[in-house]
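Chemist: Structure provided below as structure tokens; questions to follow.
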Protein chains: 2
Amino acid sequence: MDVPSQILSSATRLFARRGYDGTSLSAIAESVGIRKASLLYHFPSKEDLRRAVLDQLIQHWNEVLPRLLGAVTSGRGRFEALTRELVAFFQADSDRARLLVRELMDRPEEMRARLAQGVRPWVDLLSDYVRRGQEGGEILPDVDAEAYVVHVITLTVCGIAALPVVTALMPEGTSRTSIEARHVDELLRIAAASLFSTADTVEAR
Amino acid sequence: MDVPSQILSSATRLFARRGYDGTSLSAIAESVGIRKASLLYHFPSKEDLRRAVLDQLIQHWNEVLPRLLGAVTSGRGRFEALTRELVAFFQADSDRARLLVRELMDRPEEMRARLAQGVRPWVDLLSDYVRRGQEGGEILPDVDAEAYVVHVITLTVCGIAALPVVTALMPEGTSRTSIEARHVDELLRIAAASLFSTADTVEAR
DNA sequence: CCTACCGATCGGTAGG
DNA sequence: CCTACCGATCGGTAGG
């Protein structure tokens, strides 16, 4: 892997775990194995590096999401598959979820603009599917389409970012399934049970 | 209001909005109208101030929560009232939600210990109500009690902390109800619809 | 990609 | 509760 990519990777991990203000350029440089001044050759300022990290995350998202959404054109169980993929995307690298949450808190206005531009179209698309499902009767009539989609995304991102902490609120797993798996399963169940009009969502588990 | 309380209040607001690392002691002192050295007379270190801020938030929580839980002894609509109160608690001062989210990200191990000690008992209590409701049949049999309760808390805290940002994902309100109110209503609907076995939760809206 | 260095700001202390 | 001051560290630059 070339140096700029190594820098981006280290910066993502450190920004996610210690925050932007809590991460010094020296710390990032050290984890790459170069000097701070060398890092500043590749990224002219800390602010530039932050933007590059966020750009890369959103770009990754925009490459993966269309593929997932292709599967949702037909209704029903596809919706649950989509939610499961969304969860899997953030679970595969939970630093993504943590970084997103931090940016939400640190720079709300910038994130508003980024979401309105990059995520809003996907929310609108999914909301339309929801409304079509409401006309067909498979989806509960009192679902607020946009608000529902936004809540599922919020719960996924925050649920995974907070997972290492909230497991302290749950009892030790007596069964074979881990506490993390139970948590994710219940997230999927909540998303499905509050969307579909009939309760036969059990088939998908 | 005496000086220490003013310091706590300013620190809460600034820690919530700019983060711990992003807030200098001078900035807190300035917003109170004193010098940094004077602030350090009341709180011997920045770390002491941080702990005091968090203690105060948790203490406030522990004073308000028992009163809310008193109302939940009998089942059903009370559960929805409790969720509504939980949302109202954080909505009344969204800095509380933001501070909590930040601490979750910044100091996961400390928060694990704090939650296990201070919040876990409430989660257990509510989980027992859920299980009793499952035996009675009013609550869906496939609800994972602890995971459900944790998700509702997560969604409430994160949903409110992120509210100013995620409204960018929703269309302008054409109806009389504001976009924020729609968002909160849908949160309550999701919590109810994924808990109760019959769909007559509409009465509560 | 490095060494050497800059001014600014940080949390914290001395002493009153 | 203040003025004055401390060493450490920050992001960033010069110059090679």
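The values are calculated or read from the model by the stated rules, or taken from the named source; none is laboratory data. A quick note: this is a predicted structure, and the numbers were derived from the prediction, not measured. Cβ coordinates were reconstructed from backbone atoms using ideal geometry, including for glycine residues, and neighbour counts include every protein chain displayed.
Chemist: Consider only pairs whose beta carbons are under 8 Å apart and that are at least six residues apart or on different chains; among these, list those whose first residue lies in the stretch A:48-64 and is under 17 Å from A:R102 (Cα atoms) and whose second residue is hydroxyl-bearing (S, T, Y).
Modeler: What qualifies is A:R50/A:Y20; A:V53/A:T12; A:Q56/A:T12; A:L57/A:T12.
Chemist: Among the residues of the stretch A:72-123, write down those that are at pLDDT below 90 and β-branched (V, I, T).
Modeler: A:V72, A:T73 - these are the residues of the stretch A:72-123 that are at pLDDT below 90 and β-branched (V, I, T).
Chemist: Given (1) within 15 Å of DNA strand D (Cβ to nearest atom); (2) more than 14 Å from chain B (Cβ to nearest Cβ), where does A:L57 come up short, assuming only one miss?
Modeler: (1)
Chemist: Additional query: Taking the criterion of being of a type in the set (S, T, N, Q) and crowded, with 18+ Cβ neighbours inside 10 Å, would at least one residue in the stretch B:92-115 satisfy it?
Modeler: Looking through the stretch B:92-115, none of the residues is of a type in the set (S, T, N, Q) and crowded, with 18+ Cβ neighbours inside 10 Å.
Chemist: Among (1) in contact (Cβ under 8 Å) with a residue 40 or more places away in the chain; (2) within 16 Å of the chain's Cα centre (by Cα); (3) at the interface with chain A (Cβ under 8 Å from one of its Cβ atoms), there is one condition B:I160 misses while meeting the rest; what is its number?
Modeler: Against the list (1) in contact (Cβ under 8 Å) with a residue 40 or more places away in the chain; (2) within 16 Å of the chain's Cα centre (by Cα); (3) at the interface with chain A (Cβ under 8 Å from one of its Cβ atoms), B:I160 comes up short only on (3).
Chemist: Continuing with the same structure: Tell me, yes or no, whether the stretch B:74-85 has at least one residue that is more than 13 Å from DNA strand D (Cβ to nearest atom), among the aliphatic types (A, V, I, L, M) and assigned by TED's automatic domain parsing to the domain that holds B:P121.
Modeler: Checked the stretch B:74-85: at least one residue is more than 13 Å from DNA strand D (Cβ to nearest atom), among the aliphatic types (A, V, I, L, M) and assigned by TED's automatic domain parsing to the domain that holds B:P121.
Chemist: Being within 14 Å of DNA strand C (Cβ to nearest atom), part of a helix (DSSP H, G or I) and either in contact (Cβ under 8 Å) with a residue 12 or more places away in the chain or in contact with a Cys (Cβ under 7 Å, 6 or more places away or on another chain) (or both) is the filter here, so list the residues in the stretch B:1-28 that pass it.
Modeler: Across the stretch B:1-28, the qualifying residues are B:I7, B:S10, B:A11, B:L14, B:F15, B:L25, B:A27, B:I28.
Chemist: Within the group A:R78, A:R67, A:R131, which residue is more than 24 Å from B:R17 (Cβ to Cβ), exposed (fewer than 13 other Cβ atoms within 10 Å of the Cβ) and more than 9 Å from chain B (Cβ to nearest Cβ)?
Modeler: One residue alone meets the criteria, A:R67.
Chemist: Give the residue, chosen from B:D2, B:D21, that is within 12 Å of DNA strand D (Cβ to nearest atom) and within 14 Å of chain A (Cβ to nearest Cβ).
Modeler: Exactly one of B:D2, B:D21 is within 12 Å of DNA strand D (Cβ to nearest atom) and within 14 Å of chain A (Cβ to nearest Cβ), namely B:D21.
Chemist: Another question, if that's okay. I need a count of the residues in the stretch B:81-121 that are within 7 Å of chain A (Cβ to nearest Cβ) and small (G, A, S).
Modeler: Summing the residues that are within 7 Å of chain A (Cβ to nearest Cβ) and small (G, A, S) in the stretch B:81-121 gives 1.
Chemist: If we scan the stretch A:52-71, do we find a residue that is of a type in the set (D, E, K, R), touching a strand residue (DSSP E or B) at 6+ places or on another chain (Cβ under 9 Å) and at pLDDT below 90?
Modeler: no
Chemist: For the stretch B:145-156, enumerate the residues that are in contact (Cβ under 8 Å) with a residue 24 or more places away in the chain and within 7 Å of chain A (Cβ to nearest Cβ).
Modeler: Correct list: B:Y148, B:V150, B:L155.
Chemist: Give the number of residues within the stretch A:35-53 that are within 14 Å of chain B (Cβ to nearest Cβ) and more than 8 Å from DNA strand D (Cβ to nearest atom).
Modeler: 1
Chemist: For the stretch A:180-192, state whether one or more residues are crowded, with 18+ Cβ neighbours inside 10 Å, part of a strand (DSSP E or B) and more than 10 Å from chain B (Cβ to nearest Cβ).
Modeler: No: zero hits.
Chemist: Same structure again: Being within 30 Å of A:F15 (Cα to Cα), within 16 Å of DNA strand C (Cβ to nearest atom) and in the same structural domain as B:V184 (by TED's automatic domain parsing) is the requirement here; does B:A52 meet it?
Modeler: Considered against the rule, which asks whether it is within 30 Å of A:F15 (Cα to Cα), within 16 Å of DNA strand C (Cβ to nearest atom) and in the same structural domain as B:V184 (by TED's automatic domain parsing), B:A52 comes out as yes.
Chemist: In addition: Just one of the numbered conditions (1) facing chain A (nearest Cβ under 8 Å); (2) in a helix (DSSP H, G or I) is not true of B:D142; which one?
Modeler: Unmet for B:D142, out of (1) facing chain A (nearest Cβ under 8 Å); (2) in a helix (DSSP H, G or I): (2).
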